[in-house]
Each structure stands twice: as structure tokens, then as C-alpha cells.
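J.: Attaching a single structure in C-alpha cells format; questions to follow.
The values are calculated or read from the model by the stated rules, or taken from the named source; none is laboratory data. Everything numeric here is computed off the predicted structure, so don't read it as measured data. Positions of Cβ are backbone-derived with ideal geometry, glycine not excepted, and every protein chain shown enters the neighbour counts.
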Amino acid sequence: MHTLSLAAMRTALDGGEFSSVELCQHFIDRIKQQNEQLNAFVCTTEEQALRDAREADQKRASGDISGALHGLPIAHKDIFCTDGVTTTCGSRMLQDFVPPYNATVVEKLKAAGAICLGKTNMDEFAMGSSNENSYFGAVRNPWDNNRVPGGSSGGSAAAVAGRLVPACTGTDTGGSIRQPAAFCGITGLKPTYGRVSRYGMIAFASSLDQGGPMATTAEDCALLLNEMAGFDERDSTSIERDKDDYVSSLGNSVKGIKVGLPRQYFDAGLDASIEAGLQQAIKELEKLGVEFIEIDLANQHLSVPAYYIVAPAECSSNLARFDGVRYGHRCDNPQDLEDLYKRSRAEGFGREVKRRILVGTYALSAGYYDAYYLKAQKIRSLISQDFSQAFEQVDFILGPTTPSPAFKIGEKTGDPVEMYLNDIFTIPANLAGLPGISVPCGEVQSDGASLPVGMQLIGNYFDEARLLNIAHQYQKVTDWHTRIPA
Amino acid sequence: MQWETVIGLEIHAQLATQSKIFSASSTQYGAAPNTQANAVDLGMPGVLPVLNREAVRMAVKFALATNAEIGKRNVFARKNYFYPDLPKGYQISQMSLPIVGSGKVSIEMDDGAVKEVGLTRAHLEEDAGKSVHEDFHDATGVDLNRAGTPLLEIVSEPDMRSAKEAVAYAKKIHSIVRYIEICDGNMQEGSFRCDANVSIRPVGESKLGTRSEIKNVNSFRFLERAINYEVERQIDILEAGGEVVQETRLYDADKDETRSMRSKEEANDYRYFPDPDLLPVEVEQELIDSIRNTLPELPDARRARFIAEHELSEYDAGVMTSDRYTADYFESVLENSAASPKLACSWISGELFSRLNKDGLELRASPIDTDRFSQLIARLHDNTISGKIAKEVLDKMWSSDDTADQVIDREGLRQISDSSEIEKMVDEVIASNPDQVAEYRSGKEKLLAFFVGQVMKASRGKANPGELNKLLQEKLKA
């Protein structure tokens, strides 16, 4: 049952092959068996899920199937606020925080009939590329338990890859959906900035954060995005624009589509095994009639430094609300107000979060603002211009999602900059606000383990439908996405 | 040495919107603590601000009323600092691109001098909550009802040279925001707050002296006193050879003094940057035009018209246009009573205002509406009653719902203008006071007032004074 895609499960539910209760119970059992090892979930909502599943089955029996995800199990990254269910954001600061409201994404998926099995682990406040920064412990990669699943949506990626749940929500600020999707061999889409509401999604860097789907196939991502996308009057940065039907266009031909290969993405530094996977994918796509041309994205090398000014600057301000006054962690016996602030935050936040708050505070300080924040914003414009020029020539840009396959737990924790460079291929799309998808395209052997390789396709603004279309067509002729960790 | 005072004001006007600037919570004053604070006002995780367009409209209205530039693309920025009544750890304000740019207003001094004061800018921002120190043993309470209330911070150039000018400017802004109905102007409730930047320099010096910023001034009277105190304090320091420190000072009305709150060194680095949760605000020309069409006649224009059209003195015109409600009241009385503007003005600013003052009421809350007051003035105008009787009638109307005519008829107060009736009374008075008549006729003309008084007494005040005077003089001459 768990090897099916979400779309296949839907057909099976419709055909009466199994019930929602059976389906949800099956995944709950798998979570119980495997989560101790993987640590992909920080909490499960078993009782509520089974109640919802029973209700879904009853409605189905009476012919009342309104939502596209009726009775299908999913899980939410623990960054999305869930009414009445603890939302920790991977932090001690919010260890016991129970929001009295749902994120828009949670609300919409619920309205579509999806059943939430629990909340997935993540790097604290979505800051990290390995899921080692969670207060609730590292998540393990189902392909090799000594390796990281990527981050920050590492819990979601590991849960889907391990088939503990068929699909999850994730968020992507600098690659946090695509990078773990690549490390875990699943499909993950970061939509155009503003396509999915950020309301109720705990902010890391507001101008970069974007929620999106993570599943085994592009088709499942399309099913989820159909429900997640749309304007939300509670989020001023969400875009007032009709959403496409991401499912109906999946079958379109991709013949004649032009894809750009940025020279800068294939230069030295790219792991040979990743390059081999990409070359093979290019061949498969050529067979489908896709045309490839080389392009330039001249300012790509500036994206990591620019990102590590903009994101920490916004985070330093966004995380100021966690002050121990109204909710969240408060230190014991504060002596005075300053002591309350200092100790609550010192105890509540982990090392990486503190590092970024400090960097961001510095970058915004009087006398440094122009040299850092303003300059980073200018670089951001340059990077967007590079993409705009590229999209005059091509429909999509193809490249690696990550420089290497999943690394070992503890391997990069000593060197933050090396860790940051993991996002070198994913960050540009965030800076420009473009949609990007990571699709499994190969496997490499490393230390006796088989590790997935991901390719990234970046599209123009609001081109998610075509992005999912090309990914789906690719998956129809390949089987990397169907492989399950041993 | 002769010192020159230099003052600039920062005025926070609370905009009269129904809901907060970034959330749907009510802005109503005086509710139980934290009953008007939703998830956005509380700065809960993941929630986002959504701009209340009404606040934008009001700011644009202010710009139009002060001939100020409009920031057609203005940007909200975060002002970062920690305080318990600031839930998000930052205040959403505007920094480099405010909604209102430079403008100017003119102020009139008591001696009739007119002076222009420059507006540097005005920007939109959210108010913070309130820390409550009473009622909590060894702790501080936080009330977030006020958090997120829209404010327009109006910053002037350092153009004022005395406390009196500063007060005249503050009153002018107060009058404008009330005229255009963007702020209720209630200073007790904190809807209109002034901070004063005060410095002094030797007369003739062009460089500005070091300033101090006085906060917490909640009445015009206190503003004047706080500035005067501060000027004296700075003069004392400089004349003793010291230096003024740039700092924020609080005005203590009870002690009538200012005291240091924090120095420049202790000031926060607010780390302003554009708020990524809010888009830049585009103010379309269409919106500006539609707001311009709703703009009422402004105080300066109305004052000029009252002088030209109603022939009021400058002083009277100033009083009648001090706020929009008074001006509307005055014009409504004129229209309904057919009385002369001078008569209407003197009765409004005299009899009506003194009674309102006594009861501590605003004109808006007057027990006598314009209809009833107009009728009273009409009866004065058509000589149905004298001024003296009118005061009596007004008193009776004050404590009842009666119209002027109802009181006049019931009490039989109608003025006697029939000369034969008055003549009869005059004859009686002359006949019964032969000694005074003799004295008058021998040249003691001051006694006329005595005879007027006697006849008035006999008529119970109802005799038409003009008619009475005329008849008395004729009869006494004979």
C-alpha cells in the first residue's frame, strides 16, 4: 500500500480497494516501526487522523467526496501552525507552543480532504541544510542512516522517502525543499514566491520563504499544489492571480521545449557522480524532444554571500518576537526584564539560529547597512536579471540540485561555510523568487550505500504547471522516483 | 547673552480608523485589557500584517490639507527594538520613503502676526501597547489593546522660536486633523501627542544648538510650560559654562519640570530595513483626486471667508473657525436665524461657550443644538426679546428640551415694542419720581439710567430698550 503514489492511492480509494482508515493505519504503523530510527516526525496525531479517516470513509460511502485529496494521509513540516497541535519549528523556544490557528496551507489541504498524520522534524527555524540543527535531534536519511536527509525540510523528505507518509508540506528559503528532496530521492517543488500563502508559516526570511509540496512523484506534487496555491488576503505578498490546474497539463508533450544548461553549474566543483546523473537525464529528455542549449548565469557565484546577508538580516528581526514575554520558552526566575530576554533567548535558541541572528543584526547596524544589506539587495537584482535574460532564450534551466549526494551526519557541522555552500545551486531561485523543482535522476554508490541524485529544473515566474509537466513526462520514462530505500 | 530658542515638533496623531493599521481588531478606546488584540497584534508566530487602506487615505488627506508632497510609492520599514509592549520586537513604521513629504502650514499669533512653519514629513506607523505597573505585585502587566493602532507622525522643521509659536503650531495641526476628520484630537486619551525638540543658540548664530527631545506632553498648556522650563534649563547650563547633552527628557506635569530619560549614547540602533511582509504602497493619482474631492473647506480658507463674507474681525473669525464643528455651528445659526454674523458670533463665543465651559462640555456635546440656538438668536434679531431676556431664556432651555418660543410664550417674555404701552409705563415712572425728574431737568442727565431701570422693572424686563430710551428722553425734556 505504501509503495503507491498519492494519485494511485486516490484511485484505489475510489475503487474501494481499501479504506482511508486502513490506509492511514498502515502509515501510522510504519511511523511507529521506523520513526525511532529516522526521527522524521516530531509528533504524530494518530487519534485525530483515525477519526478524520473514519469520517472520510463515511462521507465516501454516502457519495460525499468534495475534495481532491479526500481521505489521503499527509504530514506537515513543523513550521506550519496547526490549530490545537504543538508547532515547534524544531526549536526549544516553541517546544510547548500550541497555536490557536491554522496556517492557510494547513487549512486548504484540510479543506481538500487531506488527513494530517503528524508534524515533521526540521532544522531549527528552518535554518540548516542537514537537519542536524533540530532541538529534537538529527533526522536520518532512509537510504543510509549514517547520512543526513538534507534540510531544512529533512523530516518531510525522510518521511516521504521512507514511505512513512505519501506526501508532505515543506518550506524553501534557500533550498530547504529541493535539497532534502535530492538527498532523499523524492520530488520537491518550490513554487514562485507569492504563489503559496505564508500565513501561519513561521517566518525565517520573509522575502525568500515559500511553502511547497514534497512527494514521490511530480504528479503528486501537482495534486498538492492544486490545493496549496492561491491568493490569500491574509498574506500581502501572495499574488492575486488565478492559479493554474497543475494536474490537467501533466500529460502535455514536451517536444520542442528549450532547456538551458548554465555553464557555471557544470564547471569544476560539481561531483562527478552528480554530473553523470545529469548527463543521463539530459539524454532521456532529448529523447522526448527537449532541446538543450548552453547559457550563462554570470552572477551565480554571488548568490551564496548575498543570501547570507539577506536571510540572516530578515531572521534577526523575524525572531525578535520570541522574547519569553507572551509565549514560548521563558527562563526560570528572571531577575529583571533584560535577564528575562537574555536567558530566555540564550536557552531557547540553538547555535545556528544565534549565529544567524548575530550576523543579521550586524548587517543591519548603523554604518553597515549600505555595505551589506543594500549591496546584497543589489546583487539580488543582478541575479534576477541574469535569469530574466536566460528566460528570453529558454523555457527552463536544468542543473544539479546539490553539489554532492547526501553527506554523513557530523561531517560538516564544524564548518558553517562549507555547510552553506551546499545550497549554492538552490539559493539563486529563492533570491529571484523563481519556481524550482528537484527530481530524482540517478543513484551513486558510496561506502556500500546507494544514494539518490537529484536534478533541478528552474522555471520562469508562475510556470509551475509546465515545470511539473516536464518533470512528470521525465518520470514516465524513468524509474528513479519509484525506488525505495532498502 | 541673548538667546534664541529653536523648536521643532513631532506630533503623533492617532488616525480615526475603525480597525487597526495591520489587523482587523477594533481601535475603540477604553476596552478591558487585551480584549482588542488578535493574533497579529500579539505578534504570534507565522501571522502577517495586512495594511488598512483607510489609514493610507487619511494620510493622503492630511498631505492635501497641508499642501504637502505625497509619497506616491511609500515603503513600510521595521524599527527594531525590544520592549514588552512591542510584541513583534519591531515597530512597523516608515523611514526613507514616507507617505507624506514636505509641506507647510501657517500659524497666527495673538498679535496678528502670521508665520509659516515647514513640515518635514509625515509617516504612517503602528502604536505600541501599554505597560501597566500598577495592580501587579512585583511584576508588570502588558495591555496590547493599543498595539497596532494607526498613527500619523507629523514632523515639523525647527521653525518655531518660542513656546507660544510651538503651541500655535500644535493647535493648527490639531485643528487641521480634526477638520479633515482623520483624528479625534483627544489629548487625554492620547489620540494627539506632542514631542518637542528644543535647543537654544546665541542670537545671530546660524548653527543649531544641541537639542533635547521632550516627550510625554499631553496638553497645549503643558507643552508651553515644558518648553519654557527646558529653555530656562538650557540657558542656565550654557551660562554656567556647561554643555547641553543630547537626550530624551520626560515632562512631569506635577512638578512642572523635565527630567532625563535616556541619553544619545543609550539610544537604540533601530536597524531600520524595508518590511518584507508588506509591499510598497502605490498611491494612484485617481485615489488622490477622489480624496481631494472629499476635502472640506480648511481652517485658513474658512477663516479668510468669514472675514470677507461675514465681516467678522480677525479675532472672531479665528474663534469661529478654531474647529470645524464650531464653524459649522456658526454658519448653521446664521442660515437659520437670519441674524447678523456679529450677533451670532458674540452669542456663540460668549453666552454659549461660557455655559459649556461651566459644565465642562465640548460644543459637540452641547445641550442646545443649532436648531434651538438659531431660534433663540432669531428672536433676539427680530426684537421679540431683549439680550437680557435672551440669557434668561437660554438658561431655561439649558435644562429642558423646550424651544426658545416655548419658553418665551409660557413665561410671557415677549418684548413690549408697542409704544403706547411703554408710554403708559414711562408716564407712571415720571409721575411717581418728581424729585429725580427735577434733578434730571437741572442737568443731571446721568439719571436717565435710573428711569430706564424703573421702567424695565415695571415691564419685567420686556420693554424694548430702544423704544423706551427714545420715549423717556422725549418726556423728560418736556
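J.: Exactly one of these conditions fails for B:Asp275: (1) among the charged types (D, E, K, R); (2) away from chain A (no Cβ under 14 Å); (3) surrounded by 12 or more Cβ atoms within 10 Å (Cβ to Cβ). Give me its number.
T.: (2) is the only condition that B:Asp275 fails.
J.: How many of the residues in the stretch A:255-271 are loosely packed, with under 13 Cβ neighbours inside 10 Å and under 25 Å from the mean Cα position of the chain (by Cα)? Break it down into steps so the answer makes sense when it comes.
T.: Filtering the stretch A:255-271 down to residues loosely packed, with under 13 Cβ neighbours inside 10 Å leaves A:255-256, A:267-269.
The next check asks that each one be under 25 Å from the mean Cα position of the chain (by Cα); those that pass are A:269.
Here the count works out to 1.
J.: Of the residues that make up the stretch B:204-225, is at least one surrounded by 15 or more Cβ atoms within 10 Å (Cβ to Cβ), of a type in the set (A, V, I, L, M) and assigned to a helix (DSSP H, G or I)?
T.: Scanning the stretch B:204-225, I find at least one residue that is surrounded by 15 or more Cβ atoms within 10 Å (Cβ to Cβ), of a type in the set (A, V, I, L, M) and assigned to a helix (DSSP H, G or I), so the answer is yes.
Conditions tested, residue by residue: (1) in contact (Cβ under 8 Å) with a residue 24 or more places away in the chain; (2) under 17 Å from A:Ile282 (Cα atoms); (3) surrounded by fewer than 22 Cβ atoms within 10 Å (Cβ to Cβ).
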residue	(1), (2), (3)
A:Ala406	yes, no, no
A:Gly414	no, no, yes
A:Asp423	yes, no, no
A:Pro428	yes, no, no
A:Pro435	yes, no, no
A:Asp447	yes, no, yes
A:Gln456	yes, yes, no
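J.: If a residue must be surrounded by fewer than 22 Cβ atoms within 10 Å (Cβ to Cβ) and more than 10 Å from chain B (Cβ to nearest Cβ), how many such residues does the stretch A:72-101 contain? So that I can check it myself, show each step before the final result.
T.: Quick first cut of the stretch A:72-101, residues surrounded by fewer than 22 Cβ atoms within 10 Å (Cβ to Cβ) only: A:83-86, A:92, A:95-98, A:100-101.
Narrowing further to those that are more than 10 Å from chain B (Cβ to nearest Cβ): A:83-86, A:92, A:95-96, A:98.
Final tally of qualifying residues: 8.
J.: Ok, one more. Every residue in the stretch A:339-357 that is over 24 Å from the mean Cα position of the chain (by Cα) and either among the aliphatic types (A, V, I, L, M) or at pLDDT below 95 (or both), please.
T.: The answer is A:Leu340, A:Ala346.
J.: Moving on to the next point. Can you find a residue that is free of Cβ contacts under 8 Å to residues at least 40 places away in the same chain and either under 30 Å from B:Gly89 (Cα atoms) or of a type in the set (D, E, K, R) (or both) anywhere in the stretch A:202-224?
T.: No; the residues of the stretch A:202-224 include none that is free of Cβ contacts under 8 Å to residues at least 40 places away in the same chain and either under 30 Å from B:Gly89 (Cα atoms) or of a type in the set (D, E, K, R) (or both).
J.: Determine, yes or no, whether B:Arg73 is in contact with a Phe, Trp or Tyr (Cβ under 8 Å, 6 or more places away or on another chain) and either within 13 Å of chain A (Cβ to nearest Cβ) or not β-branched (Val, Ile, Thr) (or both). Steps first, please.
T.: Details: in contact with a Phe, Trp or Tyr (Cβ under 8 Å, 6 or more places away or on another chain): no; either within 13 Å of chain A (Cβ to nearest Cβ) or not β-branched (Val, Ile, Thr) (or both): yes.
Spelling it out, it is not the case that B:Arg73 is in contact with a Phe, Trp or Tyr (Cβ under 8 Å, 6 or more places away or on another chain) and either within 13 Å of chain A (Cβ to nearest Cβ) or not β-branched (Val, Ile, Thr) (or both).
J.: Please pick out the residue among B:Asp135, B:Asp110 that is closer than 30 Å to B:Glu314 by Cβ, away from every other protein chain (no Cβ under 14 Å) and outside any strand (DSSP E or B). Give the steps one after another, and end with the answer.
T.: On the way: B:Asp135 fails: closer than 30 Å to B:Glu314 by Cβ.
The unique qualifying residue is B:Asp110.
Rundown of residues vs (1) within 14 Å of chain A (Cβ to nearest Cβ); (2) not basic (Lys, Arg), yes/no style:
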| residue | (1), (2) |
| --- | --- |
| B:Ala68 | no, yes |
| B:Arg78 | yes, no |
| B:Tyr83 | yes, yes |
| B:Met95 | yes, yes |
| B:Ser102 | no, yes |
| B:Ala139 | yes, yes |
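J.: With B:Leu64, B:Leu9 as the choices, which residue is part of a strand (DSSP E or B) and either without any contact (Cβ under 8 Å) to a residue 24 or more places away in the chain or under 23 Å from B:Ile180 (Cβ atoms) (or both)? If you could, list the steps in order and put the result at the bottom.
T.: Working: B:Leu64 fails: part of a strand (DSSP E or B).
Sole residue among the options that is part of a strand (DSSP E or B) and either without any contact (Cβ under 8 Å) to a residue 24 or more places away in the chain or under 23 Å from B:Ile180 (Cβ atoms) (or both): B:Leu9.
J.: Just a yes or no: is a residue in the stretch A:219-231 assigned to a loop (DSSP other than H, G, I, E, B), within 14 Å of chain B (Cβ to nearest Cβ) and surrounded by fewer than 24 Cβ atoms within 10 Å (Cβ to Cβ)? Explain how you work it out, then say what you get.
T.: Residues of the stretch A:219-231 that are assigned to a loop (DSSP other than H, G, I, E, B), as a first pass: A:230-231.
Narrowing further to those that are within 14 Å of chain B (Cβ to nearest Cβ): A:231.
Then drop every residue that is not surrounded by fewer than 24 Cβ atoms within 10 Å (Cβ to Cβ), which leaves A:231.
Yes, the stretch A:219-231 contains a residue that is assigned to a loop (DSSP other than H, G, I, E, B), within 14 Å of chain B (Cβ to nearest Cβ) and surrounded by fewer than 24 Cβ atoms within 10 Å (Cβ to Cβ).
J.: Identify all residues within the stretch A:436-486 that are more than 16 Å from A:Asn252 (Cβ to Cβ), assigned to a helix (DSSP H, G or I) and among the hydrophobic types (A, V, I, L, M, F, W, C); write none if there are none.
T.: Answer for the stretch A:436-486, where residues must be more than 16 Å from A:Asn252 (Cβ to Cβ), assigned to a helix (DSSP H, G or I) and among the hydrophobic types (A, V, I, L, M, F, W, C): just A:Trp480.
J.: Which condition breaks for A:Ser238 when tested against (1) within 26 Å of A:Ala311 (Cα to Cα); (2) in contact (Cβ under 8 Å) with a residue 60 or more places away in the chain; (3) surrounded by fewer than 22 Cβ atoms within 10 Å (Cβ to Cβ)?
T.: (2)
J.: Right, here's the next one. Can you tell me which of A:Glu314, A:Glu275 is touching a Pro at 6+ places or on another chain (Cβ under 7 Å) and part of a helix (DSSP H, G or I)?
T.: Selected residue: A:Glu314, the only one of A:Glu314, A:Glu275 that is touching a Pro at 6+ places or on another chain (Cβ under 7 Å) and part of a helix (DSSP H, G or I).
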